[in-house]
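Working notes, structure below.
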Amino acid sequence: MIQLQLPTIDPIGDAALAGRLQQRIDRLTKPVGSLGRIEALALQIGLILRNEHPRLVAPQMLVFAADHGLAAQGVSAYPSDVTWQMVENFLAGGAAISVLAEQHSLALHVVDAGVRHRFEPRPRLIVRKVGDGTPTRRWAWR
């Protein structure tokens, strides 16, 4: 059994900082709220970084890949063999996420969290298999 140790994260509920960040966002040259979810994301990033002028340094794009046993029951649009091929495509720069990451200067890394394939070690591939997919037994939905 794998023991997963996660670091503790301090709450980001600093109301005073949230108010200052929101005021800064609202004062930008644009209609208030016109950027929709981007504004909420900017607020969240400021709270996480605890900074009124947050700046992302060396941003990363992580894509997690794994196979699911239910794919063998035909519930997925693609068979499990496609998963490892997509991982290869991500790393080769041929997938949409690869292009978006490159366009926005995001370092793309792919995490193999349970693909039924053995990849050769290479840069930008992080192997953290929990297992080789999940069991293919039938699930009882309740």
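The values are calculated or read from the model by the stated rules, or taken from the named source; none is laboratory data. Remember, it's a predicted structure, so these values are computed and weren't measured experimentally. Backbone-built Cβ (ideal geometry, glycine too); neighbour counts: all protein chains shown. SASA here: full protein model, heavy atoms, side chains in, ligands and nucleic acids out. Shrake-Rupley method; radii C 1.70, N 1.55, O 1.52, S 1.80 Å.
Brief remarks on what is shown
- Taken over the stretch 53-67, the residue count meeting the criterion of being open to solvent by less than 80 Å² (accessible area, probe 1.4 Å) and free of Cβ contacts under 8 Å to residues at least 40 places away in the same chain is 1.
- Verdict on VAL127 being open to solvent by 50 Å² or more (accessible area, probe 1.4 Å) and either modelled with pLDDT of 90 or more or within 16 Å of the chain's Cα centre (by Cα) (or both): yes
- Taken over the stretch 14-52, the criterion of being part of a loop (DSSP other than H, G, I, E, B), open to solvent by 70 Å² or more (accessible area, probe 1.4 Å) and touching a residue at least 12 places away in the same chain (Cβ under 8 Å) is satisfied by ASP14, ARG50.
- The set of residues from the stretch 53-67 being part of a loop (DSSP other than H, G, I, E, B) and within 23 Å of PRO11 (Cα to Cα) comprises HIS53, PRO54, ARG55, LEU56, VAL57, PRO59.
- Matching entry among SER105, SER80, SER76, SER98 (being over 28 Å from VAL130 (Cβ atoms) and polar (S, T, N, Q)): SER105
- Unmet requirement for LEU70, which otherwise passes all of (1) over 24 Å from ILE12 (Cβ atoms); (2) of a type outside the set (D, E, K, R); (3) open to solvent by less than 70 Å² (accessible area, probe 1.4 Å); (4) in a loop (DSSP other than H, G, I, E, B): (4)
- Any hit, the stretch 102-113, residues being over 18 Å from the mean Cα position of the chain (by Cα) and either on the phi < 0 side of the Ramachandran plot or modelled with pLDDT under 95 (or both): no
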